[in-house]
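The structure appears right after this line, and notes come after that.
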Amino acid sequence: MDHVYAYVDGPLGRMLLVGRVGEDGRTALASLSLPGQKGAVAVRDGWRLAPEAFTEIAAQLGEYFAGRRERFDVAVAHSGTDFQRRVWEALEEIPYGTTVTYGDIARKVGSSGAGVRAVGTAIGRNPLLVVRPCHRVIGADGALRGYAAGLERKESLLALEGAA
């Protein structure tokens, strides 16, 4: 698979989009990273700068940040372990403008109790910030916790959605 990337400016900074081009020529989003993000993807040798491959996701991001989109509809390149994928699928089910706790996600994926920490780790490895809404997960006490791109950005996203 051919890796392509592009940069898109937004209110959270210059986002790096990385995708994989399949045999059918379509691009599946593999990563969305924000400046200064813990564990952010870096452009690698052999990847091709291709803004045209991200026209649709860039438009959807613009709509989201303008308050005109609540869900993203883009092809996603699958990655992660089975457990991570279950957690990430649970994130995608959190409605716009609402929050859930790490414990809620753990119960949803059948990993309550000590599994809450594993859920937090899986959420922290979400490669699709903003698009896969890990910013909607908060602590059991209602406090903002653990966002790879910084709590101020998490707070900004929740405020945009009217959930802060």
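The values are calculated or read from the model by the stated rules, or taken from the named source; none is laboratory data. What you see is a predicted model, and the numbers here were worked out from it, not measured in a lab. FYI the Cβ positions are ideal-geometry reconstructions off the backbone, even for glycines, and counts take in every protein chain you see. We work out accessible area using only protein heavy atoms, side chains counted, and drop any ligands, DNA or RNA first. Shrake-Rupley method; radii C 1.70, N 1.55, O 1.52, S 1.80 Å.
Worth a mention:
- Total residues in segment 113-164, condition of a type outside the set (A, V, I, L, M, F, W, C), outside any helix (DSSP H, G or I) and over 16 Å from residue 10 (Cα atoms): 13
- Selected residue (criterion: surrounded by the fewest Cβ atoms within 10 Å (Cβ to Cβ)) from residues of segment 33-49 that are under 11 Å from residue 7 (Cβ atoms) and of a type outside the set (Val, Ile, Thr): 49
- Positions within segment 123-155 being surrounded by fewer than 18 Cβ atoms within 10 Å (Cβ to Cβ) and not basic (Lys, Arg), in sequence order: 124, 139, 140, 141, 142, 143, 144, 146, 150, 151, 152, 155
- Residues within segment 102-122 that are β-branched (Val, Ile, Thr) and open to solvent by less than 30 Å² (accessible area, probe 1.4 Å), tallied: 3
- Some residue of segment 65-81 being modelled with pLDDT of 95 or more, among the hydroxyl-bearing types (Ser, Thr, Tyr) and either within 24 Å of residue 152 (Cα to Cα) or surrounded by 20 or more Cβ atoms within 10 Å (Cβ to Cβ) (or both): no
- Within segment 10-41, the residues that satisfy the criterion of being without any contact (Cβ under 8 Å) to a residue 60 or more places away in the chain and more than 15 Å from residue 149 (Cβ to Cβ) are 18, 19, 20, 21, 22, 23, 24, 25, 26, 27, 28.
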